[in-house]
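Participant: One structure coming up, written as structure tokens, with questions to follow.
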Amino acid sequence: MIKLRDVEKVYESGAGKTWVLRRINLDIADGDFITIMGPSGAGKSTLMGIIGMLDGAWKGEYHLLENAVHKLDNRRRVELHKKYIGFVFQQYHLLDNLTVAENLDLPLSYRDIKKAEREGMVADILDRFQIVGKKALFPNQLSGGQQQLVAVARAVIGKPKLILADEPTGSLHSSQGKMIMDLLKKLNQDGTTIIQVTHNDAWAAYGNRIIQLADGWIVDGASKAGAV
Amino acid sequence: METLLQDLRYSFRVLRKSPSFAAIAVLTLALGIGANSTIFSWINSTLLNPIPGVRHTSDFVVMTEGGTARSPIPFSYLDYMDLRNRTRSFSGLIAYDINPMNLTGTGKPERVWGTLASANYFDVLGIHPILGRGFLPVEDQKPGGAPVVVISYRLWQIRFGGDPSVIGRTLRIDQHPFTIIGVAPAVFQGTQTGMRTELWVPLMMQQQIVSGTDRLPLRSETWLMLLGQLAPGVTRGQAQAEMDLLMNQIVEQFPDSHLGNNAVTLYPLWRAPFSANTYMYVLLPVLMAIAGVVLLLACANVANLMLVRSVSRRREIAIRLSIGASRWRLVRQLLIESVVLSSAGGILAMFITAWTTGMLGQFIPPTNIPIALDFQVDRAVFFVTFAISILSGVIFGILPALRASDMAPVTVLKEDAGSAAGGLHRARLSSALVVTQISLSLFLLVSAGLFIRSFRQAQRFNAGFNPDHVLLASYSLFPAGYTEARGLEFHRQLLAKLETLPGVQSVALASWVPLGYVSDSLPASPEGYVPQPHESMEIAEATVGPNYLRTMQIPLIAGREFTVNDTGTSQPVAIVNQKFADRYWPHQEPLGKRIYAYGVWFTVVGIAHNSNYYSLSEVPQPFLYLPIFQDYYSTTIIHARVLGDPLAYTTAVEKAIHTLDADLPVYDESTLKLRVQVASTGQRIAGTFVGAFGLLALILAAVGIYGVIAYTTRQRSHEIGIRMALGAQQSDVFRLVLGQGLRMILAGLAIGLALSFVLTRFLRNILFGVGATDALTFVGVAMLLCVVALLACYIPARRAMRVDPMVALRYE
């Protein structure tokens, strides 16, 4: 599903170049549940940003489902992102001024789906995540776990093939964290590819492969066979 | 469309969450947009719609014969008829003259202004009376043979209570019976922009309306204004060429009655002479341009507010990007928010405009002509305001929207809430906007300073007479049925009575008031003077009574004033001004010289000091005074120099008049001081409005610089904390922050001064007594703005001094 070849990310400053990612070579198959781990500053979030096409300034080759992302302009990358990718963040990142239902509707509206269809999709996801009773509430009226639940619901509402979860349980206590991880596992079992970033070994165990990053290098887990 | 509505709904919600920001932005924009919509409402009511009720006014032109736009000369009836019969350039050519008329008969006696008009008047203008009819061609044929009148809608309502059976009733005008044949539509008030007339009477009735000789058969009597509708496909230039040709033929045919310059000039209605547009077309475009700068300034201010505010919205925008929003979609959403703000500003601006549009009329001082500037907030004003609002929203919204949507969402989403990395770019843009604001503000303040100084100069200007403590009051004898002999006797008896009133120091009668809207001139030949080829011998003139110069305090250089003994049976005499003597009789003794006018020789008995007659900025011009007891005027203005407040003498003067004739209306009671303010009306309007714009600019600049310095100081609190932890004193921090502000201020002032040097030259035509690059104004205004801007920096600088390094570092 994903093939990264010699992907590099560098920041240039007056003091010289700072490498954030170095020669990343990575293959991820359809249906994988990948965990990326590593210390702070290892480049985990940067790698997520590149895979999620939120970061455009990098070098190398990136193939997503037969699409050569590195050859696409920004507009086409946005299209690809909208079609295949859902994001979950540590800080939930729901929009405070929108209700739960509106937050769920937002990614659909960016996909130019008609209103009637969107309403149906939002109703389905509310039902599926058992948050129908919360649909009119604003994020600040929900607990952290509930907010993250909505964030996951928002990530999956567009039926993405890939979910990128950047420390999805980082702000939750353990019982809420487990609920979210179970949910991600369920989604993975239903066929969605998942890449998560976590510092927690227990949550890492939910995945089928762990990739270790350090100082911008993949030090372990680049392929099922090990580091490249 | 549906997502657009969604963005719109979200915009309302976002703005409701930030009521203070929304209120400040909407108010700022409302003031900027309101300034523009107000000035546009004036342009719309004058330059764009010069004749309310008449469509396609761009097809019409006004014509003058000789003279200038400021002091134009009308046409004789016979010249008009010749031009009308021979022209092919015009599909219609109308002639008219505006006069005061006394209404008697039904109801209370009343003095109104009416129009003597050619019979094709309503047909050419395309005005259809709402009751009855307009004039018929037959009513243009026999002098005295068409005693019919079309009345205004207003008169119909006020005097006849809107009675539909008014047609056919008799109205006594100037003691003569006229049959009412029509009622004009409510919107139509005549053909002179800014003047309202209530009656329309055929030209053939001029002898019943205007005192004096029968003007119809006299080619030398120039009294008719001409207005023509260009034939389809004919340009103004082509019509001008034809009129030049036709007028030359007429002059060659009748040289004796066409002395001087007889060149025909065609004016579009938006800058027609004899109307308010003569003044408006100079003033209003300048005001509109300045209001445009005010709006730009308001936009820069709101753009800065949006930029500052976008910091707190970075997370939201990053989330939107991360869940699939394209940059264009985000820019669109942010622009919709801007347009919602500017539309709210536009709505408020409409209310402001409804209140301010009538203000211009209040600046017109009392005068003896029926000024009726009826400014309306109509559909055109609404649409232009709407368009300005939308445009403003895009102008101030686009930069912040582009900047806000240009981010790396991953980085932003990993930041702690409230962190503001990336603020440096924003601060740079903000600083650039503040520099723009300061430079635009400086230009506005310089313009305001120039106009205010100009107005003060106009107020202080010595026009050659003393306007203080002079009461003016008018009466008109012809409409009251007086013959010339009875009128002269009335003038004489009244003067004797007024002179004895306690507190009256000096009193005189005159046909005019200087520096007003009206002027008179006559073709005259100074004895012994041989005119240059094509030199106009049309000389400005006023008819005045005994003691006029003394009452006006115009110095008499030589000779004597007129006396009550200068009558129709004595030698015709005249007083000329110094310029007249210097121009026509250089190095000669002017006293005793003669001037040929009206078919008689007038002997010069006095030389008056030059004064200003038509405007404050005029160069001295030859001027001729004729005695009122020889050159009879039935409509006369009393000039009474008194002790104390002139208006306190109004009752006494009325009483004196009514002891001679209890029914004679006294009107236009005012003071000379007020009436001559007409001359400085432009300066007063510009001074007031541009002054207000300047004040607004000053406030906006102060708020803008305060906002940016406060914002960047907050951004730099970490840096300031480090500096203080490393040993920086409070004074160092103060200097750091103030220095940042000072750099922006100096850059803004430098650009603003350069801009002002270039742009103020366009104000030159409206300024009076002050140069367009007046150093005092430039330096004074720059210093004022500098002080205010530094004060705006002072508050955040003081706040920065109190930064606790531990708190600042922990926060970060």
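The values are calculated or read from the model by the stated rules, or taken from the named source; none is laboratory data. This one's a predicted model, so the numbers in the text were calculated from it and none came from an experiment. Here Cβ is always computed from backbone atoms with ideal geometry, including for glycine, and neighbour counts include all displayed protein chains.
Participant: Hey, can you tell me all the residues within the range A:131-157 that are part of a loop (DSSP other than H, G, I, E, B) and crowded, with 22+ Cβ neighbours inside 10 Å?
Facilitator: The one that is part of a loop (DSSP other than H, G, I, E, B) and crowded, with 22+ Cβ neighbours inside 10 Å: A:Ile157.
Participant: Ok, one more. Checking A:Asp124 against (1) more than 18 Å from B:Leu413 (Cβ to Cβ); (2) within 11 Å of chain B (Cβ to nearest Cβ), only one condition comes out false. Which one?
Facilitator: Condition (2) is where A:Asp124 drops out.
Participant: Pick out the one residue from B:Ser431, B:Ser419, B:Ser454 that is modelled with pLDDT under 95 and surrounded by 22 or more Cβ atoms within 10 Å (Cβ to Cβ).
Facilitator: On the way: B:Ser431 fails: surrounded by 22 or more Cβ atoms within 10 Å (Cβ to Cβ); B:Ser419 fails: surrounded by 22 or more Cβ atoms within 10 Å (Cβ to Cβ).
Criteria check complete, one pass: B:Ser454.
Participant: I'm trying to understand the selection: among the residues of the range A:1-41, which are within 13 Å of chain B (Cβ to nearest Cβ) and part of a loop (DSSP other than H, G, I, E, B)?
Facilitator: Looking only at the range A:1-41, we keep the residues that are within 13 Å of chain B (Cβ to nearest Cβ), and these are A:9, A:11, A:20-21, A:40-41.
Hits for the range A:1-41 are A:Ser40, A:Gly41.
Participant: Determine whether A:Lys135 is free of Cβ contacts under 8 Å to residues at least 60 places away in the same chain, touching a helix residue (DSSP H, G or I) at 6+ places or on another chain (Cβ under 8 Å) and over 19 Å from A:Gly52 (Cα atoms).
Facilitator: Answer is yes for this residue.
Participant: Taking the range A:80-118, which residues are within 7 Å of chain B (Cβ to nearest Cβ), under 17 Å from the mean Cα position of the chain (by Cα) and among the basic types (Lys, Arg)?
Facilitator: A:Lys82
Participant: Now, a different point. From B:Ala608, B:Ala652, grab the single residue that is crowded, with 19+ Cβ neighbours inside 10 Å, on the phi < 0 side of the Ramachandran plot and in contact (Cβ under 8 Å) with a residue 40 or more places away in the chain.
Facilitator: None of the others qualify; the one that does is B:Ala608.
Participant: Within the group B:Asp59, B:Asp7, B:Asp79, which residue is within 14 Å of another protein chain (Cβ to nearest Cβ), touching a residue at least 12 places away in the same chain (Cβ under 8 Å) and acidic (Asp, Glu)?
Facilitator: B:Asp7
Participant: Here's a follow-up. Please specify each residue of the range B:747-788 satisfying the condition of being under 21 Å from B:Val703 (Cβ atoms) and touching a residue at least 12 places away in the same chain (Cβ under 8 Å).
Facilitator: B:Ala747, B:Gly748, B:Leu749, B:Ile751, B:Gly752, B:Leu755, B:Val781, B:Ala782, B:Leu784, B:Leu785, B:Cys786, B:Val788
Participant: Just to verify a result, which residue in the range B:290-316, among those that are closer than 19 Å to B:Leu429 by Cα and within 14 Å of another protein chain (Cβ to nearest Cβ), is modelled with the lowest pLDDT?
Facilitator: So, considering only residues that are closer than 19 Å to B:Leu429 by Cα and within 14 Å of another protein chain (Cβ to nearest Cβ), the one modelled with the lowest pLDDT is B:Ser312.
Participant: Then there is this: Being outside any loop (DSSP other than H, G, I, E, B), surrounded by fewer than 20 Cβ atoms within 10 Å (Cβ to Cβ) and at pLDDT below 90 narrows it down to one residue among B:Leu402, B:Leu391, B:Leu348; which is it?
Facilitator: None of the others qualify; the one that does is B:Leu402.
Participant: Among the residues of the range B:462-498, write down those that are of a type in the set (S, T, N, Q) and in a strand (DSSP E or B).
Facilitator: The first filter runs over the range B:462-498 and keeps only residues of a type in the set (S, T, N, Q), leaving B:462, B:466, B:474, B:476, B:483, B:493.
Passing the criteria: B:Ser474, B:Ser476.
Participant: How many residues, within the range B:596-650, are over 28 Å from B:Leu488 (Cβ atoms) and not in a loop (DSSP other than H, G, I, E, B)?
Facilitator: The qualifying residues number 2.
Participant: Among the listed residues B:Leu203, B:Leu216, which satisfies the condition of being more than 25 Å from B:Phe375 (Cα to Cα), surrounded by fewer than 22 Cβ atoms within 10 Å (Cβ to Cβ), aliphatic (A, V, I, L, M) and over 30 Å from the mean Cα position of the chain (by Cα)?
Facilitator: B:Leu216
Participant: Can I ask one more? Name the residues in the range B:564-585 that are over 11 Å from B:Val605 (Cα atoms), part of a loop (DSSP other than H, G, I, E, B) and out of contact with any Asp or Glu (no Cβ under 9 Å at 6 or more places or on another chain), would you?
Facilitator: B:Val564, B:Asn565, B:Thr567, B:Thr569, B:Ser570
Participant: Here's another thing I want to ask about it. Out of the strands (runs of 3 or more DSSP E) lying entirely within the range B:96-183, which hold 2 or more residues that are within 32 Å of the chain's Cα centre (by Cα) and not assigned by TED's automatic domain parsing to the domain that holds B:Ser76?
Facilitator: Once the strands (runs of 3 or more DSSP E) in the range B:96-183 are filtered for at least 2 residues that are within 32 Å of the chain's Cα centre (by Cα) and not assigned by TED's automatic domain parsing to the domain that holds B:Ser76, nothing remains.
Participant: Any residue in the range B:187-194 that is more than 30 Å from B:Ala272 (Cα to Cα) and either among the hydrophobic types (A, V, I, L, M, F, W, C) or buried (at least 20 other Cβ atoms within 10 Å of the Cβ) (or both)? Please lay out each step first, then the result.
Facilitator: Of all residues in the range B:187-194, those more than 30 Å from B:Ala272 (Cα to Cα) come to none.
No, the range B:187-194 contains no residue that is more than 30 Å from B:Ala272 (Cα to Cα) and either among the hydrophobic types (A, V, I, L, M, F, W, C) or buried (at least 20 other Cβ atoms within 10 Å of the Cβ) (or both).
Participant: On the given criteria, is B:Ala291 touching a Leu at 6+ places or on another chain (Cβ under 8 Å) and either surrounded by 17 or more Cβ atoms within 10 Å (Cβ to Cβ) or on the phi > 0 side of the Ramachandran plot (or both)?
Facilitator: Taking the combined requirement at face value, the residue does not satisfy it.
Participant: Working only within the range A:59-79, note down all residues that are away from every other protein chain (no Cβ under 14 Å) and either in contact (Cβ under 8 Å) with a residue 24 or more places away in the chain or outside any loop (DSSP other than H, G, I, E, B) (or both).
Facilitator: A:Lys59, A:Gly60, A:Glu61, A:Tyr62, A:His63, A:Leu64, A:Leu65, A:Asn67, A:Ala68, A:Val69, A:His70, A:Lys71
Participant: B:Ser20 fails exactly one of the following numbered conditions: (1) more than 14 Å from every other protein chain (Cβ to nearest Cβ); (2) within 24 Å of B:Phe383 (Cα to Cα). What is the number of that condition?
Facilitator: (2)
Participant: Please work out which residue is surrounded by the fewest Cβ atoms within 10 Å (Cβ to Cβ), limiting yourself to the range A:161-217 and to residues that are part of a loop (DSSP other than H, G, I, E, B) and of a type in the set (A, V, I, L, M, F, W, C).
Facilitator: Result: A:Ala205.
Participant: Let me ask something else. Among the listed residues A:Tyr84, A:Tyr110, which satisfies the condition of being surrounded by 15 or more Cβ atoms within 10 Å (Cβ to Cβ), aromatic (Phe, Trp, Tyr) and under 20 Å from A:Thr193 (Cα atoms)?
Facilitator: None of the other options fit; the residue is A:Tyr84.
Participant: Just the residues that are within 13 Å of B:Asp631 (Cα to Cα) and surrounded by 20 or more Cβ atoms within 10 Å (Cβ to Cβ), please, taken from the range B:522-569.
Facilitator: Selection gives B:Glu541, B:Ala542, B:Thr543, B:Val544, B:Gly545, B:Pro546, B:Phe562, B:Asp566.
Participant: Any residue at all in the range B:513-526 that's at negative phi, touching an Asp or Glu at 6+ places or on another chain (Cβ under 6 Å) and part of a loop (DSSP other than H, G, I, E, B)? Steps first, answer last, please.
Facilitator: Step one: of the range B:513-526, the residues at negative phi are B:513-514, B:516-526.
Then keep just the ones that are touching an Asp or Glu at 6+ places or on another chain (Cβ under 6 Å); that gives B:520-523.
From what is left, the residues that are part of a loop (DSSP other than H, G, I, E, B) are B:520.
Within the range B:513-526 (the criterion being at negative phi, touching an Asp or Glu at 6+ places or on another chain (Cβ under 6 Å) and part of a loop (DSSP other than H, G, I, E, B)), the answer is yes, since at least one residue qualifies.
Participant: Given the conditions (1) of a type outside the set (Ser, Thr, Tyr); (2) closer than 26 Å to B:Gly516 by Cβ; (3) without any contact (Cβ under 8 Å) to a residue 24 or more places away in the chain, report the number of the one that B:Glu589 does not fulfil.
Facilitator: The single condition B:Glu589 does not satisfy is (2).
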